[in-house]
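The values are calculated or read from the model by the stated rules, or taken from the named source; none is laboratory data. All values reported here derive from a predicted model rather than from experimental measurement. Positions of Cβ are generated from backbone atoms using ideal geometry, with glycine treated the same way; all protein chains shown enter the neighbour counts. Note: accessible area is taken over every heavy atom of the protein model, side chains too, but ligands, DNA and RNA are not part of it. Shrake-Rupley method; radii C 1.70, N 1.55, O 1.52, S 1.80 Å.
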Amino acid sequence: LRSPLTTFRMYSDMLSRGMVPDGERRQQYLETLRTEAERLTHLVENVLAYARLERGRKAQRQETVTVGSLVERLRDRLQDRAAQADFELQLDVAEEATDRQLTTDVSVVEQILFNLVDNACKYATAATDRTLHWDITGNASHVLLTIRDHGPGFTSPQHARRTRAFSKTSEEAASSAPGVGLGLALCRKLARQLGGRLEVVDAAQGVSATWYLPTLPAV
């Protein structure tokens with residue numbers, strides 16, 4: 001929490017005191033404030049979601065949607081997060097998956113996918129190929145939502161298997177990517193709450209995170 005708050009306080013103080021007369025530099029500062037505000041909001045959302053899970057509260061806003069409509073609702077925010085980190089999020093939806101129906105909490109689905117894209121942006125930051133892939137396929141009982149990158153993978157094998165929240169040390173945060181070690185652990189817990197599972201494969205050519213989300217039987 002301190003890092004984005006410190007940046008926010010410093011930049012807003014400089015702007016309010018008129019210490020940034022150059023228009024282009026002032027716009028850069030305003031963009032930084034927007035980015036840090038989004039980062040802080042994302043972190044708070046994750047902490048609150050984890051607290052709800054720890055209290056045993058389940059997803060409340062269940063609705064029945066098709067995979068196609070789900071994609072339309074979530075695509076812009078996920079692509080915007082990728083663009084902020086100078087990545088392009090490419091979407092590939094298998095034709096047989098588009099009309100599949102599922103009953104779920106769309107806000108939780110969004111939180112899981114946003115965390116996966118956010119992780120890819122942070123851990124693949126050194127990648128030459130600036131493409132992130134959002135692949136959607138299906139089998140008889142699940143829709144498979146995969147986020148994959150072309151980065152170097154996690155800094156250690158333990159990161160891909162991380163199940164304990166808040167387990168990232170300050171040294172890890174300094175040497176890898178900012179954060180508190182909550183995102184991936186939270187994704188696994190939320191995926192289980194929605195009746196699915198999350199599988200993370202860490203390879204030399206990047207990280208692939210696949211979420212198996214149950215769908216409704218075909219009519």
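Worth a mention:
- Rolling a 1.4 Å probe over the protein chains gives Glu110 an accessible area of about 50 Å².
- Surface composition of region 30-95: carbon plus sulfur atoms contribute 47% of the solvent-accessible area (1.4 Å probe, protein chains only, all chains present).
- Considering all C-alpha pairs of region 59-135, those separated by over 15 Å amount to 57%.
- Taking Cβ atoms as reference points and 14 Å as the exclusive limit, the residues near Arg73 contribute a net charge of -3, counting Lys and Arg as +1 and Asp and Glu as -1.
- In the full protein context, region 1-143 carries 58 Å² of accessible surface per residue, based on a 1.4 Å probe and ignoring ligands, DNA and RNA.
- Computed over the alpha-carbon pairs of region 1-120, the distance histogram in 5 Å steps reads 2, 9, 15, 16, 16, 14, 11, 7, 5, 3, 1, 0 percent, short to long.
- For Thr137, net neighbour charge (Lys/Arg +1, Asp/Glu -1) across residues whose Cβ lies under 12 Å away: -3
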